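Shown next, in structure tokens, is the structure this report addresses.
The values are calculated or read from the model by the stated rules, or taken from the named source; none is laboratory data. Everything numeric in this text was worked out from a predicted model, so none of it was measured. Glycine also receives a Cβ, built like all others from the backbone with ideal geometry; neighbour counts cover every protein chain displayed. Heavy atoms of the whole protein, side chains included, go into the accessibility calculation; ligands, DNA and RNA do not. Shrake-Rupley method; radii C 1.70, N 1.55, O 1.52, S 1.80 Å.
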Amino acid sequence: MTIEEIEAGTVHSMPEDLGRTLIADNAALDLWQEITPLARNEWICWVEDAKRQETRASRIERVTTELKEGKRRPCCWPGCSHRAQAKQKK
């Protein structure tokens, strides 16, 4: 599977670093493909919201771990603010 073939979110596209990590972990990739586009959007936005590279790398690792723990969305995340912005543009 290529990064372009991985399902992305409702607003956000798949970042390369997250895509590579998912491709490297078949179990996490399968779980990623099973969650809703809205849930995928939340994970992507959460990763992209990191201000430091170290935080981003940690969040990407947590995506795979937490998906395998059964979590469908990032914990303690208020949600993607970009969805509301995208709705207003329509």
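Subtracting the Cα-Cα distance of residue 57 and residue 23 from 0.36 nm times their residue separation leaves 10.7 nm of extension gain.
When the charge dipole of the chain is built from unit charges on Cβ atoms (+1 for Lys and Arg, -1 for Asp and Glu) and taken about the Cα centre, the candidate among 63, 23, 39 whose Cα reaches farthest toward its positive end is 39. Normalising the average separation of contacting C-alpha pairs (under 8 angstrom, six or more residues apart) by the number of residues puts the relative contact order of the chain at 32 percent. Taking every protein chain into account, the accessible area of segment 1-43 amounts to 50 square angstrom per residue (probe 1.4 Å).
What's the angle, to the nearest 10 degrees (0 to 90), between helix 53-68's Cα axis and the longest principal axis of the chain? Here the helix axis deviates by roughly 70 degrees. Taking all protein chains together, 77, 43 sort by accessible area into 77, 43, largest first [probe 1.4 Å]. Please report, as a whole percent, how much of the solvent-accessible surface of the chain comes from carbon and sulfur atoms (probe radius 1.4 Å). Ligands and nucleic acids excluded, carbon and sulfur give 48 percent. Convex hull of alpha carbon positions in the chain: directionally averaged projected area 5.8 nm².
Taken about its Cα centre, the chain carries a charge dipole of roughly 560 debye when the Cβ of each Lys and Arg holds +1 and the Cβ of each Asp and Glu holds -1. Show that you can apply the helix-only estimate: for the chain, add -39,500 (n - 2.57) for every DSSP H stretch of four or more residues, divide by all residues, and state [θ] at 222 nm to the nearest 500. Calculated mean residue ellipticity at 222 nm is -18000 deg cm²/dmol. Each of 76, 45 has its accessible area taken with a 1.4 Å probe; listed largest first, they run 76, 45. Sorting 12, 82 by solvent-accessible area of protein heavy atoms yields 82, 12, largest first, with a 1.4 Å probe. Note on residue 29: accessible area approximately 10 square angstrom, rounded to 10, probe 1.4 Å, nucleic acids and ligands left out.
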